[in-house]
Ligand code: 8YV
């Protein structure tokens, strides 16, 4: 019997490709250059499954040209690149890669928070530019992390990881807002108190965004929300571009409406709003919160496991729309 055909949309670990080749006829992109959407669609025409990353959009238009497609396995926990309703309607299963990246991503959230609050990159640029000539009592004075109020918007697994780090590691007072309140045991473990979104904005010294992107969360943080924040506050986005109105944020940073921001994700990335590139009080990183080799390997392996389970008649590990499986 011939093997199912799968497409691997981005360059990934050779050992993961080798494993997939045991089960599938594999076409993979091993170039640094991403395929355009048109190239991706052309290659999906005869494929039974696809291995995607969070940046490959799978929607009705793509599904219409890929009649054999049965599964899209995302090497990402976020899956806003999938139109899940269109996939379910077409009988296509989506899977994501949760859990394996939680602690690594929470580590990075904290790294970005600390770099932002303590002005690590801004001061390094100053030093590298040869501008450090004397001591000054207020040179790159930042804001404290220990004992400060840590606000978390979106209290899923990664949000909880950041809360634990803040509460247990740095003695921070942790407050959060989420669609639903955590059960009491989890709240106690995270030492986190539930507050309204307005209170979160008004009282956080450091506000970390970890909520999923959807049309409903588009521009959750815009000019009005930034105006509610303390002028000494920092804002950290490790969630998705689009949750923050980047133009409004750049203006707020320039006007000192808030003190600083740390951003790992951007609207329209890999393009970055030009105004963000010219304000000094922002730390910018290229969507690397999950980027350690062990974690990226675990994410890729989980996406591969989902493909293998699906085509060998087993239950995929992390299905997003299991109704598709029930109807088979
Ligand atoms: C990925 C991410 O690196 O898991 C996610 O949702 O944002 C990142 O960990 C990115 O989406 C590539 O797949």
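The values are calculated or read from the model by the stated rules, or taken from the named source; none is laboratory data. Model, not experiment: these values are computed from the prediction. Positions of Cβ are generated from backbone atoms using ideal geometry, with glycine treated the same way; all protein chains shown enter the neighbour counts.
Table for the structure above
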quantity	calculated
Pairs, first at positive phi in the stretch 237-263, second within 16 Å of the ligand (Cβ to nearest atom), C-beta under 6 Å, six or more apart	242/213; 242/267
Entirely in the stretch 131-231, the helices (runs of 4 or more DSSP H) that have 3 or more residues that are closer than 27 Å to residue 121 by Cβ	157-164, 197-203, 223-228
Number of the exception - residue 100 against (1) within 16 Å of residue 238 (Cα to Cα); (2) in contact (Cβ under 8 Å) with a residue 60 or more places away in the chain; (3) in contact with a helix residue (DSSP H, G or I) (Cβ under 6 Å, 6 or more places away or on another chain)	(1)
Filter result (over 21 Å from residue 166 (Cβ atoms) and surrounded by 14 or more Cβ atoms within 10 Å (Cβ to Cβ)) within the stretch 122-154	122, 123, 126, 140
Criterion violated by residue 78 - all others in (1) within 16 Å of the ligand (Cβ to nearest atom); (2) more than 26 Å from residue 157 (Cα to Cα); (3) modelled with pLDDT of 95 or more; (4) surrounded by fewer than 23 Cβ atoms within 10 Å (Cβ to Cβ) satisfied	(2)
Failed criterion for residue 163 (all others in (1) surrounded by fewer than 16 Cβ atoms within 10 Å (Cβ to Cβ); (2) closer than 16 Å to residue 235 by Cα; (3) touching a strand residue (DSSP E or B) at 6+ places or on another chain (Cβ under 6 Å) hold)	(1)
Any chance residue 44 is at pLDDT 95 or above, surrounded by 19 or more Cβ atoms within 10 Å (Cβ to Cβ) and over 30 Å from residue 155 (Cβ atoms)	yes
Meets criteria (farther than 16 Å from residue 13 by Cβ, in contact with a strand residue (DSSP E or B) (Cβ under 7 Å, 6 or more places away or on another chain) and at pLDDT 95 or above) for residue 284	yes
Of residues in the stretch 55-75 being surrounded by fewer than 22 Cβ atoms within 10 Å (Cβ to Cβ) and assigned to a loop (DSSP other than H, G, I, E, B), the one nearest to the ligand (Cβ to nearest atom)	55
Residues of the stretch 89-110 satisfying the condition of being away from the ligand (no atom under 13 Å from the Cβ), buried (at least 18 other Cβ atoms within 10 Å of the Cβ) and assigned to a helix (DSSP H, G or I)	110
Whichever residue in the stretch 8-36 is more than 20 Å from residue 297 (Cβ to Cβ) and either in contact (Cβ under 8 Å) with a residue 24 or more places away in the chain or touching a helix residue (DSSP H, G or I) at 6+ places or on another chain (Cβ under 7 Å) (or both) and, among such residues, is nearest to the ligand (Cβ to nearest atom)	34
Wholly enclosed strands (runs of 3 or more DSSP E) of the stretch 233-328 bearing at least 1 residues touching a helix residue (DSSP H, G or I) at 6+ places or on another chain (Cβ under 6 Å) and within 16 Å of the ligand (Cβ to nearest atom)	234-237, 260-263
